[in-house]
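To start, the structure under review is shown below, and the notes come after it.
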Amino acid sequence: MGLCLLQLAVVAGGHTMIGTDSVSDSVQCRLQGTPRPPAFSKDGDFVIGGVFSIHYNMHTVEHKFTSIPEPLKCTERFVSLRFSRAMIFAIEEINNSSQLLPGVKIGYEIHDACCSVPVAVKVAFQLANGVDPVFETGEECSRSATVTAIVGESGSTPSISMLRIISPFGIPQVSHFATCACLSDKKQFPTFFRTIPSDQYQAAALVHLIRHFGWIWIGAVRSDSDYGNSGMAAFLRAAHEEGICVEYSEALSRTDPRSKVKRVADVIHSSTSRVVVAFAASGDMKILLEELQRLPTSPRQWIGSEAWVTDPEIKRFGLCAGAIGFGIQRSIIPGLRDFLLDLSPQKLSSSPVLTEFWEGREGALEKVCDGSEDIQQLRVPYTDTSQLRITNMVYKAVYAIAHAIHSLVCEEIFNSTVHCDRNLSVKPKQVLEKLRNVNFSRNGYHVSFDDNGDPVANYELINWQVAESGQIEFVAVGYYDASLPIGMKFRMEKEITWFDNSTQLPVSVCSESCHPGTRKAVQKGKPVCCYNCVPCPEGEINSSNCLKCPEEYWPNSQRDRCVLKPVEFLSFHEVLGIILTTCSLGGAFLAIAVAIVFYCHRASAIVRANNSELSFLLLFSLTLCFLCSLTFIGRPSEWSCMLRHTMFGITFVLCISCVLGKTILVLMAFRATLPGNNVMKWFGPAQQRLTVVSFTFVQALICTLWLILSPPFPIQNLTTYKERIILECDLGSVGAFWGVLGYIGVLAVLCFVLAFLARKLPDNFNDAKFITFSMLIFCAVWITFIPAYVSSPGKFTVAVEIFAILASSFSLFSLLFIPKCFIILFRPKQNTKKNLMVKTSNVIRF
């Protein structure tokens, strides 16, 4: 596309008119203003432009608008002289190469942008238009660009300004140091490429680094430029996603008044965060660090971006000792050092820039050059090739453009010979298309671009360590490769020295970690990293927030994790279980022993008088009553749950039925003594057995229906106690359970009433009084059992039920059999029919 970007003046019929109206025979494009001479230039078949901030600043002039403004002048110390010289070195290497562009000479036109956007814009116009005072183009103001591609600029903001001018005309620009992520937008900047990674990757790497060391409370400082604002915005987004809190985020520029820089320094000084992330250009960092040196500030751990963390000029600030940050990988360019040092007086005199450099403050020479000086004596960044980082990006950018031109003008012929047509017309747009596909390696460094014009992101983790000499050195302690999978991108290889020359990791938090059993409560109006610690509710552990344990779990003593709740049930191995088991087995043993005594004295009067058949059946049922309590002890199972309640219900009904039979027998016996009463024939042995079987059958039927319809089953009781699990038996049908107890209670009350009615009948063999007392105790025990059973927690519910079984069993056993055994064993003289027939008023009744 034709280019005429400066002021257009149309000359027609001797009159000069601004615009394109009334165009006559020819159109003249006239250069407006004074062109800037290049810092370095050389003719060639194809010319590559270069734009570098060789000087640090620009001389400002107050415009009074009464005369033509003076040309912009660059001032102060040199910054990127080595970059421009590295570009010349790469072009000379290419011109001497027999493989890349053989027979073709690459020229260059390198300008000093002076760290200034206006200068960079003016240079962009010149590279696009040339510097001819006037040129005629017929009917259109158009011409081809004077360069095929441009290397530069160093800063993101000047690069953006240049791209606004050259992008519409398809001139490719390959930057070595413009890292703003915004430049990856191909809709805005379709002609932009770079050999340095985008800040999008660096922001992600810095967040990864901060999370790696556990810092969640940081400060942030940035350059007030496209580089700083865009890079910090990407960093803050990634930091927020990782839960990192930013105490402050301040911006500054080297052109700001000192009051603003001092305000930023005061913010850093008064902050509580001990880690500061600085996404800033080198010049801006110098201004800030100079201000911080005036304050008695406490040490900070600095995290730097690649723009300043590898800048040798920043090393003089001791307060940054221990700083870490990601820098471009160090590289080696064979022959570059000799080229940089090859500055003979003849070469110096041919270049005003080199002459100024040699005679200026940076050369530390206060005399006029006489030709005897040795550049080897200079100790300036220009001569230091031990840390070639950005310089290699310039080197790779030149080679990328050369490979793109090579693919346009060269072709391989027979015998692998490369032929290049130096006279072929190459448009910038053609170079642009070929740049997208370059893929080569040089000195072991790979060069290629993705769809956004970005290279693969590789960084070194740089640590500022104090050497034995007291000087700060840049030490690579780790690496970051964005092309690797997640979890493998970042690796550490050496130990880091932190601020104050300490090897102990600094801590930077807004609030200390909460103790176990407490949770974070965010402080009102502050970031989430600032919080108070409040106790967690019962049953919860502290995590990022209080976390409730699952039902079967409970917090451990430290309240930092959930552990299984202890399981509790009435065990045979605990004291209470042992006591109840002993009582149960002891009662069963006594019942069996009494049965043996009765059997051995079955012919005695007292045994015969007490209906030996019912007595033996009662002893058998009491034995079962004692033993059934054992089913309530131990871990509940499906069978034990069904057995314990049904066995208890049936055995107790059998026991009460026997007692009820004995009571009825007493009443019938005295009724039968009345004249003419023959009632005993209606309650003989057969009727007694039928009575016992009938009463027991009803209970058995209830238990059978219970087991069929809704049987008891084992459960884990998680509600009685929060901190432990109670293993117990669910009744299944509560109605069936109370039906079993109610039936036993009805029989017990009936037995008690009948015994009470017969308590005053005469003669010693009358058991009614003992039955009355036993039934009274039995009923009292089970009436007391109901509220105790309902209110007892956990395993004590089972213990209450066992106690009720044993207490009622022992009461029956003791009152019905112990007195008779005493007579049989210790009062044998009273064990006679005559003694039993004596009236109760004459002898003591047992």
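Can you give me the angle between helix 117-129 and the longest principal axis of the chain, using Cα atoms only, in degrees from 0 to 90, rounded to the nearest 10? For 117-129 against the chain, the angle is about 60 degrees. Residues in segment 736-749 carry Karplus couplings, in order, of 5, 4, 6, x, 4, 5, x, 5, 4, x, 5, 5, 5, 5 Hz; the curve used is 6.51 cos²θ - 1.76 cosθ + 1.60 with θ = phi - 60°, and Gly or Pro positions show x. Could you work out the local net charge near residue 631, counting Lys and Arg as +1, Asp and Glu as -1, over the other residues with Cβ closer than 14 Å to its Cβ? Taking every Cβ under 14 Å from that of residue 631, the sum is -1. With contacts taken as Cα pairs under 8 Å and at least 6 residues apart, the chain reaches a relative contact order of 9 percent. Proximity of backbone amide H atoms, modeled 1.01 Å from N, is registered between residue 517 and 542 at under 5 Å, excluding neighbours fewer than 5 places apart on the same chain. With Cα atoms defining each centre, segment 696-720 and segment 480-543 are spaced 56 Å apart in the structure.
Name the residues whose placed amide hydrogens come within less than 5 Å of the amide hydrogen of residue 305, ignoring near sequence neighbours (fewer than 5 apart) on the same chain. Amide H neighbours of residue 305: 278, 280.
Among the GluC sites (Glu not before Pro) found in segment 420-528, those both in a DSSP coil and sparsely packed, with 11 or fewer other Cβ atoms within 10 Å of their Cβ, are 468, 493, 495, 512.
Can you pull out the trypsin sites (Lys or Arg not before Pro) in segment 476-565 that DSSP calls coil and that have at most 15 other Cβ atoms within 10 Å?
Numbers: sites: 489, 491, 494, 519, 520, 524, 548, 559, 561; in loops: 489, 494, 524, 559, 561.
Sites meeting the loop and neighbour criteria: 494, 524, 561.
Positive end of the dipole of segment 518-564, charges at C-beta (+1 Lys, Arg; -1 Asp, Glu), about the Cα centre: which of 533, 558, 547 has its Cα farthest in that direction? The residue sitting farthest along the positive end of the dipole is 533. State the Cα centre-to-centre distance between segment 166-192 and segment 34-108 in whole Å. Cα centroid to Cα centroid, the span is 19 Å. Relative to the longest principal axis of the Cα atoms of the chain, the long axis of helix 612-628 makes an angle of roughly 10 degrees. The angle separating the long axis of helix 156-166 from the principal Cα axis of greatest extent in the chain is about 60 degrees. A straight line joining the Cα centroids of segment 281-345 and segment 596-655 runs 97 Å.
Any of 64/262; 186/427; 548/795; 187/434 with alpha carbons more than 22 Å apart? Name them for me.
Values: 64/262 32 Å; 186/427 20 Å; 548/795 26 Å; 187/434 19 Å.
Violating the 22 Å Cα-Cα cut-off are 64/262; 548/795.
Among 82-95, 724-737, what's the highest-first ranking by average C-beta atoms within 10 angstrom per residue? Can you show the working numbers first?
Details: 82-95: 22.9, 724-737: 17.9.
Highest-to-lowest ranking by the protection proxy: 82-95, 724-737.
Bear in mind that the values in this text are calculations on the coordinates, not laboratory data. None of the values given here were measured: they were computed from a predicted structure. Glycine gets a Cβ as well: all are built from the backbone with ideal geometry, and neighbour counts include every protein chain shown.
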